[in-house]
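See structure below.
Throughout, read-outs are computed from the coordinates displayed, never taken from laboratory work. No experiment lies behind these values; they were computed from the predicted model shown. Please note: Cβ atoms are built from the backbone with ideal geometry, for glycine as well, and neighbour counts cover all protein chains shown.
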C-alpha cells in the first residue's frame with residue numbers, strides 16, 4: 001500500500017481478545033499484533049518524505065485494568081496485568097510517528113456494541129436460550145460504545161487538533177445486569193438462569209494482591225468527543 005502523501009492514517013488492526021482461549025501463544029499474538037504492528041507502521045510513516053499529518057491508532061480501555069472504585073479519565077495511569085501492559089506497549093509504539101511531527105491520537109476504545117463484534121452477539125445468544133445474560137453478580141460496569149459512535153469519534157478526532165489518548169466510550173456506562181435486562185426487553189425474553197463466570201475466564205487475569213474486590217468504575221468519555229448517536233443501551237439495541 002502506498003503511504004506517501006496520504007492525508008491521514010487510521011490504524012485499528014489487532015488480534016481479537018474476545019475469541020478463543022488465552023493460551024501463551026495467543027497472548028503473544030494479541031500483544032505482537034498490536035505493539036509490533038503499530039511500531040512498524042509508525043516507523044514507516046516517520047521515514048516518509050511526505051508524511052501524513054495525522055495517525056489515529058487504536059488502543060483500548062483495557063489500558064486501565066481493574067481499578068476498584070476509581071473512575072478512569074485520560075489522565076489515569078495504566079493498571080496492572082496483561083491487558084494494561086499491552087495497552088502501554090500499544091500506545092508507546094506510536095512514538096516514532098509523534099517524534100517525526102505526525103499528530104497522533106490514541107483511541108482508547110470501550111466495548112464496541114455491534115452484531116459484528118464479540119460482546120453483543122454472545123449476550124443475545126445466551127438470552128435467546130433462556131439465560132438472563134447476566135454474568136455472576138452482574139455488578140460489573142461495561143464502558144461501551146456503539147459502532148456508529150465509534151466511527152463518529154474517529155471522524156471527529158480526524159478533523160480537529162486533538163492528540164494523545166482519547167477515551168471512546170458512551171457517556172452512560174451500564175452494569176452488566178442492566179445491559180442484560182435491556183437486551184431481554186428488546187428480545188421479549190425472560191431470563192431463567194444467570195451465567196457463572198467460567199474458571200478459564202477467572203484464571204486469565206490474576207488480580208494483584210492489592211487490587212480492590214469491588215466492581216471497577218466506568219471509564220469517562222473523552223472531553224473532546226462529539227455528541228453521541230447512541231448515548232444509552234436502549235438506543236443501540238433497537
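Taking only the C-alpha atoms of the range 23-101, the Rg (one decimal) and the largest Cα-Cα distance, Dmax (whole number), read 14.2, 47 Å.
Peptide packing for 77-87, 54-64, 7-17 was compared via the average number of neighbouring C-beta atoms within 10 Å per residue; ordered from the highest value, the list is 54-64, 77-87, 7-17.
Here the residues 23, 38, 73, ranked from fewest to most Cβ neighbours within 10 Å of their Cβ, fall in the order 23, 73, 38.
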